[in-house]
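The values are calculated or read from the model by the stated rules, or taken from the named source; none is laboratory data. Note that the structure is predicted; figures quoted are calculated from it, not measured. Glycine also receives a Cβ, built like all others from the backbone with ideal geometry; neighbour counts cover every protein chain displayed. Surface areas here come from the heavy atoms of the whole protein model, side chains and all, with no ligands, DNA or RNA. Shrake-Rupley method; radii C 1.70, N 1.55, O 1.52, S 1.80 Å.
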Amino acid sequence: MLFELKSVFQNDGEEKQVEYNLDLSGLDVDGVYPFKTPVVVTAKATNRASLITLVINAHFDYSRDCDRCGEPYTREMNMSFEHMLIQTLADEDNDDYIETPDFTLELDDVVISDIFLSLPSKNLCRDDCKGLCQICGQNLNNGECSCDKRQTDPRLEILKQLID
């Protein structure tokens with residue numbers, strides 16, 4: 001989505017807003033395609049005292065398998081991002097601003113990079129996920145298993161024979 005910002009840059013107090021759906025269903029995240037529905041993007045550019053602020057809101061469903069128990073889950077996510085826009089950069093290594101030399105901004109690229117940088121590094125179905133039993137593999141969120149949890153360090157197994 002090309003966001004035309006010439007009027008915002010040229011007029012103090014000017015605002016421009018756009019809302020659209022961004023299809024990310026074909027994007028691979030660690031071998032998984034977690035975006036089952038389009039991302040609803042709302043972007044608003046505001047000129048206040050010749051400072052152009054871009055606020056992006058992204059709303060989407062994120063579907064993954066839990067890293068602890070392996071169960072699939074879907075989480076509704078709302079993310080908000082803010083960027084400062086300028087026409088030209090004096091220092092090309094400055095990541096604090098987004099350069100828009102022709103008064104246009106490719107929103108899709110900004111939204112995709114913002115979302116990918118904000119995705120969780122650990123995917124859990126819930127914060128208190130208990131995971132799987134290390135012996136039998138039962139999902140401990142569904143109940144305890146009957147496995148003997150008293151594991152002896154194999155290096156100390158010879159000492160156990162003295163007790164028995």
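A few comments on the model shown:
- Residue in region 119-162 that is farthest from ASP61 (Cα to Cα), counting only those that are among the β-branched types (Val, Ile, Thr) and in a loop (DSSP other than H, G, I, E, B): THR152
- Every residue from region 100-124 that is farther than 24 Å from SER50 by Cβ and β-branched (Val, Ile, Thr): VAL111, ILE112, ILE115
- For region 16-29, the set of residues classified as in contact with a strand residue (DSSP E or B) (Cβ under 9 Å, 6 or more places away or on another chain), within 18 Å of TYR62 (Cβ to Cβ) and either open to solvent by 50 Å² or more (accessible area, probe 1.4 Å) or in a helix (DSSP H, G or I) (or both) consists of ASN21, ASP23, listed by residue number.
- Listed by first and then second residue, the pairs linking a residue in region 30-46 that is within 12 Å of ASP65 (Cα to Cα) to a residue that is assigned to a strand (DSSP E or B), with Cβ atoms under 6 Å apart and 6 or more places separating them unless they lie on different chains, are PRO34/TYR62; PRO34/SER63; PRO34/ARG64.
- Residue satisfying all of: in region 118-164; of a type in the set (A, V, I, L, M) and open to solvent by less than 100 Å² (accessible area, probe 1.4 Å); farthest from HIS83 (Cα to Cα) among these: LEU159
- The residues of region 30-41 that are open to solvent by less than 30 Å² (accessible area, probe 1.4 Å) and either assigned to a strand (DSSP E or B) or in contact with a His (Cβ under 6 Å, 6 or more places away or on another chain) (or both), listed by number, are VAL39, VAL41.
- When residues in region 1-15 are screened for being outside any loop (DSSP other than H, G, I, E, B), open to solvent by 70 Å² or more (accessible area, probe 1.4 Å) and in contact (Cβ under 8 Å) with a residue 12 or more places away in the chain, 4 of them pass.
- Residues that are open to solvent by 70 Å² or more (accessible area, probe 1.4 Å), polar (S, T, N, Q), free of Cβ contacts under 8 Å to residues at least 24 places away in the same chain and assigned to a loop (DSSP other than H, G, I, E, B), drawn from region 59-117: THR88
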